[in-house]
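The values are calculated or read from the model by the stated rules, or taken from the named source; none is laboratory data. Note that the coordinates shown come from a computational prediction; the quantities given were computed from them, not determined experimentally. FYI the Cβ positions are ideal-geometry reconstructions off the backbone, even for glycines, and counts take in every protein chain you see.
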Amino acid sequence: MVEDINELKREFTKKFHRMSDEEVEKFDEWFSEYVEPAVLEDFYGGYHPRGKYAKEKRQKYVDYIYMYMIAHDMDNLDERYAQPIFYEAKKYAEKHYKDD
């Protein structure tokens, strides 16, 4: 499931701009309450980068999942099938911030 990040960003941008402010606000609230804690802590131990850019890596990880969910019209993450998404999110985060 290697997804081209540029294609993901294009699809995300297209769908995000079609969302109303209310839809974005509702999605953001739902995402920050249910999805973000789950992907960072609950699913198979979450994602816990270390080093100088740990905070930035965690944010990129969450950003990828946020983009993916909007781009693919997802309203839930099933941990049985989401592992490839988490793996790509981790690669995306690690690519942007390299620790010395």
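Can you go through TYR34, TYR61, TYR81 and tell me which one is touching a residue at least 24 places away in the same chain (Cβ under 8 Å) and not aliphatic (A, V, I, L, M)? Show your work before the answer.
Values: TYR34 fails: touching a residue at least 24 places away in the same chain (Cβ under 8 Å); TYR81 fails: touching a residue at least 24 places away in the same chain (Cβ under 8 Å).
Exactly one residue qualifies, and that residue is TYR61.
State which residue is nearest to the chain's Cα centre (by Cα) when the search covers only region 89-100 and only residues that are buried (at least 19 other Cβ atoms within 10 Å of the Cβ) and not hydroxyl-bearing (Ser, Thr, Tyr).
Our first condition is that a residue be buried (at least 19 other Cβ atoms within 10 Å of the Cβ); within region 89-100, this holds for 89, 92-93.
Right, trim to not hydroxyl-bearing (Ser, Thr, Tyr) and you get 89, 93.
Numbers: ALA89: 6, ALA93: 10 Å.
Of everything passing the filter in region 89-100, ALA89 is nearest to the chain's Cα centre (by Cα).
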- Query: Which of the residues spanning region 11-31 are within 25 Å of LYS95 (Cβ to Cβ), surrounded by 13 or more Cβ atoms within 10 Å (Cβ to Cβ), free of Cβ contacts under 8 Å to residues at least 60 places away in the same chain and not aromatic (Phe, Trp, Tyr)?
  - Reply: THR13, LYS15
- Item | Residues (among the aromatic types (Phe, Trp, Tyr) and within 11 Å of the chain's Cα centre (by Cα)) located in region 47-88 | TYR61, TYR64, TYR66, TYR68, PHE86, TYR87
- Note on the structure: Here, helices (runs of 4 or more DSSP H) confined to region 9-100 with at least 2 residues that are at pLDDT below 95 and either acidic (Asp, Glu) or in contact with a Lys or Arg (Cβ under 9 Å, 6 or more places away or on another chain) (or both) are 54-71, 83-96
